[in-house]
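Structure first, then comments.
What follows is calculated from the coordinates using simple rules that are stated; it is not laboratory data. What you see is a predicted model; the values in this text were computed from it and never measured. Cβ sites come from the backbone with ideal geometry, for glycine too, and all protein chains shown count toward neighbours.
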Amino acid sequence: MSTNLEILPDDATEYRTKEYWETRYSKEPPEVSFDWFKSYKELKPLFDVHLPDKNVSILVLGCGNSTLSEDMYDDGYHNITNIDFSETVIENMRSRCKDRTEMTWSVMDIRDLAFPDRTFDIVIDKGTMDALMCDEGDVWDPKPEVIENVKKEVDEVMRVLKVGGKFIYITFGQPHFRRRYLERSCWEVKIETLGESFHYFFYYMTVKFADEVM
């Protein structure tokens, strides 16, 4: 079952607020799902290339009620940690996925991760950073608050990834707007393009060495 369009916000800036998501998830039954951008089936050819080892430890940022983690689990990726700042959706997803016993769910802010350094092999962001940027303002001159929020997310990703680990970010954000937020000395930003008439982008960054967050 997909999201009822009647509960989508009139103002896209609401996507970045916890209040909007708590209200939305409280109105939706646990079986409802909503996926930003591409489905796992559409992303699978890229996942097969970039995540060939299905025993890796994976962190999914801002999981929401997407079916991504469920579909990955059913495809053999079992060591998945899902986080979201909405208590309601985490409880709903924990209930919905109770039979997928090796997958975990935690309430957490992507800008302040409660994990030790070098915990995960893979971190995935599928549209979550885009929600943070819904009040970006001028795309060529973003608001300081947006820059700071995105920096906190990427810095935390860099901190919890193991050396050799990979950050995967899936978005409609074009490289000339998004690359600046992702660049770090410890990795190189690489990009795959998906879609034909409307493009989505699959950014991937592999940690080459441990770097201090500045």
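Figure the gain on full extension for residue 50 and residue 190 (residue separation times 0.36 nm, minus the Cα-Cα span) and round it to one decimal in nm. Please list the in-between numbers first.
Details: separation 140, 0.36 × 140 = 50.40 nm, distance 1.17 nm.
The residue 50-residue 190 span can extend by a further 49.2 nm.
Averaging the inverse of every distinct alpha carbon separation and then flipping it gives the Kirkwood radius. What is it for the stretch 5-206, in angstrom units? Display every interim value, and only then the final one.
Details: mean 1/r = 0.0578 Å⁻¹.
Taking the inverse mean of 1/r over all distinct Cα pairs, the stretch 5-206 comes out at 17.3 Å.
What's the center-to-center distance, using Cα atoms, between the stretch 165-214 and the stretch 60-100 in Å?
Distance between centres, Cα-based: 23 Å.
Just the C-alpha atoms of the stretch 149-209: what Rg/Rh do they give, with Rh taken as the Kirkwood radius?
Numbers: Rg = 11.8 Å, Rh = 12.0 Å.
Rg/Rh for the stretch 149-209 comes to 0.98.
Toward the positive end of the charge dipole of the stretch 5-206, about the Cα centre and with charges on Cβ (Lys, Arg +1; Asp, Glu -1), which of 181, 55, 127 goes farthest?
Comparing the listed Cα positions along the dipole, 55 ranks first.
Using a Cα-Cα cut-off of under 19 Å, which aspartates and glutamates could be cross-linked to residue 44, ignoring same-chain neighbours fewer than 8 residues away?
35, 53, 70, 71, 74, 75, 121, 125, 192, 196
Taking only complete DSSP H runs, can you tell me which helices of the chain stretch 30 Å or more along their own long axis by Cα positions and average at least 1.0 on the Kyte-Doolittle scale? Don't skip to the answer; put the middle values down first.
On the way: long enough: none.
Membrane-span-like by this rule: not one helix.
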